[in-house]
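A short worksheet on the structure shown next.
Values quoted throughout were computed directly from the atomic coordinates according to the rules given, and no laboratory measurement underlies them. Nothing here was measured: the structure is a model prediction, and the numbers come from that model. Note: ideal-geometry Cβ built from the backbone for every residue, glycine included; neighbour counts use all protein chains shown.
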Amino acid sequence: MSKTDIIVRMRADGRLDRVLPDGSEVPMPPPGRLSPMTEDEVSAAAQQDPDAKPMTEEEFAPARRVPRTRVLRRALGLTQEQFAARYHIPLGTLRDWEQGRSAPDQPARAYLDVIAYDPDAVRRALESKRGT
């Protein structure tokens, strides 16, 4: 253990106690208010962090984006199989979209936008279509 390690134990009521090397516990004062940072301070802090430096436009361009389809499906609380079945999307196509092997074309993106806007209405429309 280094000299800078601090062991803290949380009480049932949420208060913190610092655990000293001899095993005794000392109550810690509640944390103070965080002072807000200005935009310049935020930028300077980000530039100094080697693990989280802001990306340049050149670095950002080839970066993989999180597939929007996965975000939509998870927001609806559905598995891939459930989402594919409910919205009549081939399971393999959905998996390809989510894993970045392919991207939805323009009509598919429009369909996903409609699902995102009102998923229940799309589900009802598709279910009523099955009955006819």
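Once you charge only the Cβ atoms, +1 for Lys and Arg and -1 for Asp and Glu, what is the size of the charge dipole of the stretch 56-132 about its Cα centre, to the nearest 20 debye?
Approximately 380 debye in magnitude.
Taking the Cα centre of the chain as the origin, how large is its charge dipole in debye, to the nearest 20, when only Lys and Arg (+1) and Asp and Glu (-1) carry charge on their Cβ atoms?
I would put it at about 860 debye.
May I ask for the Kirkwood hydrodynamic radius of the stretch 55-116, worked out over all distinct Cα pairs and given in angstroms to one decimal?
12.4
Please identify the trypsin sites (Lys or Arg not before Pro) of the stretch 32-132 that satisfy two criteria: DSSP loop assignment and at most 12 other Cβ atoms within 10 Å. Which are they?
Listed in order of number, the matching sites are 33, 64, 65, 101.
For the chain, find the longest principal axis of its Cα atoms and tell me its angle to the long axis of helix 39-48, 0 to 90°, nearest 10.
On a 0 to 90 degree scale, this one is about 80.
So how far, in whole Å, is the C-alpha centre of the stretch 25-47 from the one of the stretch 57-132?
Measuring centre to centre over Cα atoms gives 40 Å.
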